[in-house]
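Contents: one structure, followed by commentary.
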Amino acid sequence: IYTDKKYKSDVVTGFVFEEEGIASKIKKKMENDFGIVIAGGQGKLKGKMIRIGHMGYVTDEMVDRTLNALRQCL
């Protein structure tokens, strides 16, 4: 899990991967196979990071569905 004390956010959880391009593959699979849209990294983290938003109306079911899909993608 990615944390940066200077840029903390309560509405996004980020994951950084060592392997270049793996985040892009996960992002694509989450959308194509599960219909779940997540964000990628920006700047130096492009292709190495995924960001999952959880702002606004988010139910336990939505969180469970997203985490289960992420588990399958990993």
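Annotations for the structure displayed:
- Residue selected from region 32-48 under the condition under 11 Å from the mean Cα position of the chain (by Cα) and not β-branched (Val, Ile, Thr), by the criterion most open to solvent (accessible area, probe 1.4 Å): LYS48
- Each residue in region 52-73 was checked for being surrounded by 10 or more Cβ atoms within 10 Å (Cβ to Cβ) and either touching a Pro at 6+ places or on another chain (Cβ under 9 Å) or in contact (Cβ under 8 Å) with a residue 40 or more places away in the chain (or both), and 5 pass.
- Subset tally (residues that are in a loop (DSSP other than H, G, I, E, B) and either among the small types (Gly, Ala, Ser) or over 18 Å from ARG71 (Cβ atoms) (or both)) for region 37-54: 5
- Some residue of region 25-36 being over 12 Å from LEU70 (Cβ atoms) and either modelled with pLDDT under 90 or not in a helix (DSSP H, G or I) (or both): yes
- Checked against (1) at pLDDT below 95; (2) under 11 Å from the mean Cα position of the chain (by Cα); (3) part of a helix (DSSP H, G or I), GLU61 passes all but condition (2).
The values are calculated or read from the model by the stated rules, or taken from the named source; none is laboratory data. All figures in this text were calculated on a predicted structure; none of them were measured in a lab. Ideal geometry is used to build each Cβ from the backbone, glycine not excepted, and the neighbour counts take in all protein chains shown. Note: accessible area is taken over every heavy atom of the protein model, side chains too, but ligands, DNA and RNA are not part of it. Shrake-Rupley method; radii C 1.70, N 1.55, O 1.52, S 1.80 Å.
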